[in-house]
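The block underneath contains the structure these notes are about, expressed in structure tokens.
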Amino acid sequence: MIQQERMTVVCQREIAKNIFEMTLQGQIVQEMTPGQFVHIRVSNLLEPLLRRPISIASIQKEANEFTIIYRAQGRGTNVLSQKQIGDEVDVLGPLGNGFPVEAVDKGGTALLVGGGIGVPPLYELSKQLNARGVRTIHVLGFQTEEFAFYEEEFTQLGETYYVTDDGSKGFKGFVTDLLDELQLDFDVFYSCGPLPMLRALSSMYEDKKGYISLEERMGCGIGACFACICETNEGQEKNYVKICSDGPVFEKGVVKI
Amino acid sequence: MNRLDIQLPGLDLKNPIMPASGCFGFGREYAKLYDLSQLGAIMIKATTLEPRLGNPTPRVAETPAGMLNAIGLQNPGLEKVMAEELPWLERFDVPIIANVAGSTTEDYVEVARRISTAPNVKALELNISCPNVKKGGITFGTDPVIARELVEQVKAVSKVPVYVKLSPNVTSIAEMAQAVEIAGADGITMINTLLGMRLDEKTGKPLISNVTGGLSGPAVKPVALRMVYEVYKAVDIPIIGMGGVSSVQDVIDFMSVGASAVAVGTMNFVDPFICPKLIDELPAKLDELGVKHMKEIIGRSHR
């Protein structure tokens, strides 16, 4: 159930260049699943006005806490990055439908492919897949080393490969170049990141089951405003979906990307 | 005594607060958050004869204290709205104002004729002011002669009172208001969004794929207030005011310049509970102003 809550900032730190990790405490944590997002109002003032959709990076239900990882790149996220421990933030959530962890059986293997700020939601997903006894392989792409994060965290959960555009960390090139080389064996892939990456993965692994998480500019975040529409491929029940409320996670092949 | 009730043609409002069309879908999403029966009315999303997919994304962009949108009247079409959305809304004790849009006069007339027969539709809001569609919409709303003809034809077929939603993108909004009043409009809703742009700082190109979008939110309130003030002086039919309403003071302001009720648009996205919050806060505001009933506020700027 979607709720609005004033949550308390319990941790805020810069973990890579302009990339912040913020932990918030509150009741709505209990409802969260990996791949869902929250809609954050960064100020009580009317400027900046709209909420910011930010994916859930990890969930700590026992502590009533969850963590987001976001890039401070515009007015809203810059204001968010100024929040101090103890400050309150207006959070609407949890929103959308997340990654289906049950798509891989115990003992199976999941390939998690992330790009840039699409990497965070894969962390909680990997934690939950591991908890189910699923082996996880992570292939994470970043622009350069200075933007990369969570190496230790992902490595603890499974085989982890880093890819950067300039080779400053890990493999040089695109994640798909590395995947071509690795020829991995897995049952299901999960991915979040730039559209060209999601497109390439979907065609590369045509015969595999896969899930992709999409991003679009949103108004309401709950399905009312029709701002974040995505057309579906032929054969689907509806000719469009709303990324905020029908997604952000879709099974590969459902939407036109 | 209910200090907030307002009677308007076709509309028996428990209070003067309603979500504006296009900012509330058909209510399903907000119904998960609160009881829609609390609302004065609901202005549902624009309905066209055929389903519409709308414009390519990105369709929204934030601006200082506002937002631009170019959704493009996406909706499931008259048949589906009649068969699924309106019957679903019957579970709430709230009058529905159906926003009617079209590309041609015939479209408008047909949608109006049929949707006005739905039991919970108590009024129509004729959308002659959408700035985001190539055909119809604003082309009907910027020429008083065309607007007058359209309103006359819709009035001839509608089973319920017809309110006309005016565009601010005209030289004289009072002239447009007078034209639709002469044509038989029962009320006016105003304002629709102001045509605007935002650029991508890096590329210098428009951020919205449609190039332009409709500006809404607190940024437009001063313009909307001025226009309601002008129209109130120009016509005798009631006005439902909107444009950047974000607080109880904004509600009072709109009613002071002449609105009989107030719609909340963009702020629903910022605070999905804004409408019930405003309704709750109104009685205390009336006390503060030393006013017994909401309607005493209407038009006080002019007195």
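The values are calculated or read from the model by the stated rules, or taken from the named source; none is laboratory data. Because the structure is a prediction, the values reported are computed rather than measured. So basically every Cβ, Gly included, is an ideal-geometry build from the backbone, and we count neighbours across all protein chains shown. The area values use the complete protein model at the heavy-atom level, side chains included, leaving out ligands, DNA and RNA. Shrake-Rupley method; radii C 1.70, N 1.55, O 1.52, S 1.80 Å.
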Query raised in the report: What do you reckon, how do A:Glu88, B:Glu288, A:Glu21 stack up by accessible area (1.4 Å probe), largest on top?
Result: B:Glu288, A:Glu88, A:Glu21
Query raised in the report: Would you list A:Glu124, A:Glu231 from the most to the least accessible area, probe 1.4 Å?
Result: A:Glu231, A:Glu124
Report task. For each cysteine in chain A, check whether another cysteine's C-beta sits under 4.7 Å from its C-beta; list those where none does. Result -> A:Cys11, A:Cys192, A:Cys228, A:Cys230, A:Cys244
Query raised in the report: Karplus couplings for the range A:242-251 from phi (6.51 cos²θ - 1.76 cosθ + 1.60, θ = phi - 60°), rounded to Hz, Gly and Pro as x?
Result: 9, 5, 5, 9, 8, x, x, 8, 10, 6
Query - Rounded to whole Hz, the Karplus (6.51, -1.76, 1.60) HN-Hα couplings of the range A:67-77, x for glycine and proline - result: 10, 10, 10, 9, 9, 7, 9, x, 4, x, 5
**Report entry** Long-range HN-HN contacts of A:Gly210 with modeled amide H, under 5 Å
**Finding:** A:Phe189, A:Lys252
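Dipole of the range B:1-152, Cα-centred, from +1 at each Lys and Arg C-beta and -1 at each Asp and Glu C-beta, to the nearest 20 debye?
Working: 15 positive and 18 negative charges, 55 e Å.
Roughly 260 debye, rounded to the nearest 20.
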Query raised in the report: Can you list the equivalent-ellipsoid semi-axes of chain B, largest first and in whole Å, using the square root of 5 times each Cα gyration tensor eigenvalue?
Result: 26, 23, 20
Requested in this report: Work out the mean other chain Cβ neighbour count within 10 Å for the residues of A:47-58 and drop it here as an integer.
Outcome: 4
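Taking the highest mean first, how do the peptides B:17-30, B:103-116 order by number of other beta carbon atoms within 10 angstrom per residue? Let's see the in-between values first.
Details: B:17-30: 24.7, B:103-116: 19.4.
In decreasing order of mean packing, B:17-30, B:103-116 become B:17-30, B:103-116.
Mind scanning A:Lys17/A:Lys252; A:Lys17/B:Lys277; A:Lys256/B:Lys45; B:Lys159/B:Lys292; A:Lys17/B:Lys205; A:Lys83/A:Lys209 and naming the pairs with a C-alpha gap bigger than 29 Å?
Numbers: A:Lys17/A:Lys252 31 Å; A:Lys17/B:Lys277 40 Å; A:Lys256/B:Lys45 25 Å; B:Lys159/B:Lys292 34 Å; A:Lys17/B:Lys205 27 Å; A:Lys83/A:Lys209 40 Å.
Pairs exceeding the cut-off: A:Lys17/A:Lys252; A:Lys17/B:Lys277; B:Lys159/B:Lys292; A:Lys83/A:Lys209.
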Query raised in the report: Taking only Cα atoms, what is the 0 to 90° angle, nearest 10, from helix A:195-204's long axis to the longest principal axis of chain A?
Result: 30 degrees
Query raised in the report: To the nearest 500 deg cm²/dmol, what mean residue ellipticity at 222 nm is calculated for the protein assembly as shown from DSSP H runs of n ≥ 4 alone, each contributing -39,500 (n - 2.57), summed and divided by the residues?
Result: -6500 deg cm²/dmol
Query raised in the report: Percent relative contact order of chain B, based on C-alpha pairs within less than 8 angstrom and at least six residues apart?
Result: 20 percent
Report summary line: Descending packing, highest mean Cβ count within 10 Å first, for B:69-78, A:200-209 is B:69-78, A:200-209
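Starting with the highest mean, order A:42-55, A:165-178 by the number of other Cβ atoms within 10 Å, averaged over the residues of each peptide. If you can, show how the numbers build up before the last one.
On the way: A:42-55: 20.3, A:165-178: 16.2.
Listed from highest to lowest mean packing, they are A:42-55, A:165-178.
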Report summary line: Cross-link reach from A:Lys127 to aspartates and glutamates, straight Cα distance under 19 Å and at least 8 residues apart if same chain, gives A:Glu21, A:Glu31, A:Glu62, A:Glu65, A:Glu102, A:Asp105, A:Glu151, A:Glu152, A:Glu153, A:Glu159, A:Asp187
**Report entry** Amide proton proximity set for A:Asn97, modelled H, under 5 Å, gap of 5+
**Finding:** A:Gly247, A:Val249
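Charges only on Cβ, +1 for Lys and Arg, -1 for Asp and Glu: so what's the dipole of chain A about the Cα centre, in debye to the nearest 20? Could you put the intermediate results ahead of the total?
On the way: 24 positive and 35 negative charges, 120 e Å.
The dipole magnitude comes to about 580 debye.
Quick one: compute the contact order of chain A, relative version, from alpha carbon pairs under 8 angstrom and 6+ residues apart, as a percent. Kindly include the intermediate steps, with their values, before the conclusion.
Values: 598 pairs, mean separation 44.3, N = 257.
Reported relative contact order: 17 percent.
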